[in-house]
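For reference, the structure is listed below as structure tokens.
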Amino acid sequence: MEKTPRTETNVRIRPLITEDIPRVLELERAIFDDPWPESAFIEQLDEDGWGTIVAELDNTIVGYACWMVAHLEGHLTNIAVDPQYRRKSVAKQLLDNILKVVLRAGCEYLLLEVRPSNRGAIVFYEQHGFSVLYKRPNYYRRPPEDALVMVRHLANKETGE
Ligand SMILES: CC(C)(COP(=O)(O)OP(=O)(O)OC[C@H]1O[C@@H](n2cnc3c(N)ncnc32)[C@H](O)[C@@H]1OP(=O)(O)O)[C@@H](O)C(=O)NCCC(=O)NCCS
């Protein structure tokens with residue numbers, strides 16, 4: 001039997017366009033208990049210093065990630081992959097792309113929030129050089145939970161994994 005490839009090499013990473021929003025919302029609502037509303041993704045298209053990229057495979061969006069740059073700090077504000085396409089480096093390819101964006105913007109850090117219960121995401125972030133900075137109490141609402149704020153230092157670390 002043929003082995004499933006570990007890295008999905010045919011994934012194309014590109015910026016979100018308006019026509020993508022229904023599919024991204026479908027994934028967002030299926031994946032998160034507290035999904036972003038449609039307006040949040042529309043804002044991603046318009047606001048300076050914000051952006052969303054999508055991972056497309058055979059003309060279907062299988063993942064997406066959102067970033068924000070403020071005061072020379074990069075923030076990874078959202079990242080998700082269709083459950084059927086996980087553990088194939090789709091999120092890695094999205095993160096690599098966002099690292100390039102925030103480095104180009106002159107950021108020295110990439111920050112994010114994650115639920116302490118989200119072990120899979122925490123392992124993914126640690127694998128990519130993030131460490132816990134502090135706990136932000138009562139950050140999430142549905143369901144209520146603290147957030148771990150994680151950071152990756154970027155200076156002189158463009159390729160550094
Ligand atoms: C976290 C997430 C984006 C990772 O996407 P992915 O495309 O599967 O990640 P990659 O294939 O690039 O990386 C996989 C690596 O991350 C880690 N990892 C990912 N999911 C994991 C899990 N459930 N348990 C343990 N490790 C996990 C492992 O190191 C894994 O490597 P391995 O497969 O060799 O063990 C995906 O699981 C997801 O969409 N989760 C739901 C949304 C979410 O929680 N987003 C983060 C909000 S802060």
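Tabulated results
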| quantity | calculated |
| --- | --- |
| Any hit, the stretch 102-111, residues being within 24 Å of Leu25 (Cβ to Cβ), within 13 Å of the ligand (Cβ to nearest atom) and among the aliphatic types (A, V, I, L, M) | no |
| Complete set of residues in the stretch 66-78 that are surrounded by fewer than 22 Cβ atoms within 10 Å (Cβ to Cβ) and of a type outside the set (S, T, N, Q) | Met68, Val69, Ala70, His71, Leu72, Glu73, His75 |
| Subset of the stretch 115-155 (residues that are part of a helix (DSSP H, G or I) and small (Gly, Ala, Ser)) | Gly120, Ala121 |
| Residue among Arg119, Arg136, Arg115, Arg142 that is near the ligand (Cβ under 8 Å from one of its atoms) and loosely packed, with under 14 Cβ neighbours inside 10 Å | Arg119 |
| Filter result for the condition that a residue is at pLDDT below 95 and among the basic types (Lys, Arg), over Arg87, Arg6, Arg115 | Arg6 |
| Residues located in the stretch 36-65, provided they are hydrophobic (A, V, I, L, M, F, W, C) and either in contact (Cβ under 8 Å) with a residue 24 or more places away in the chain or open to solvent by 40 Å² or more (accessible area, probe 1.4 Å) (or both) | Trp36, Phe41, Ile42, Leu45, Trp50, Ile53, Val54, Ala55, Leu57, Ile61, Val62, Ala65 |
| Long-range neighbours under 7 Å by Cβ, at least six apart or interchain, first residue in contact (Cβ under 8 Å) with a residue 40 or more places away in the chain within the stretch 105-122, second of a type in the set (Asp, Glu) and part of a strand (DSSP E or B) | Cys107/Glu73; Tyr109/Glu73; Leu111/Glu73 |
| Extreme residue, nearest to the ligand (Cβ to nearest atom), among residues of the stretch 24-35 that are touching a residue at least 40 places away in the same chain (Cβ under 8 Å) and under 15 Å from the mean Cα position of the chain (by Cα) | Ile31 |
| Flag if Val123 is β-branched (Val, Ile, Thr) and over 26 Å from Gly49 (Cβ atoms) | yes |
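The values are calculated or read from the model by the stated rules, or taken from the named source; none is laboratory data. Just so you know, these numbers come straight off a predicted model, no measurement behind them. Reconstructed Cβ throughout: ideal geometry from the backbone, glycine too, with neighbour counts over all protein chains shown. Heads up: the accessible areas ignore ligands, DNA and RNA and are worked out on the full protein's heavy atoms, side chains in. Shrake-Rupley method; radii C 1.70, N 1.55, O 1.52, S 1.80 Å.
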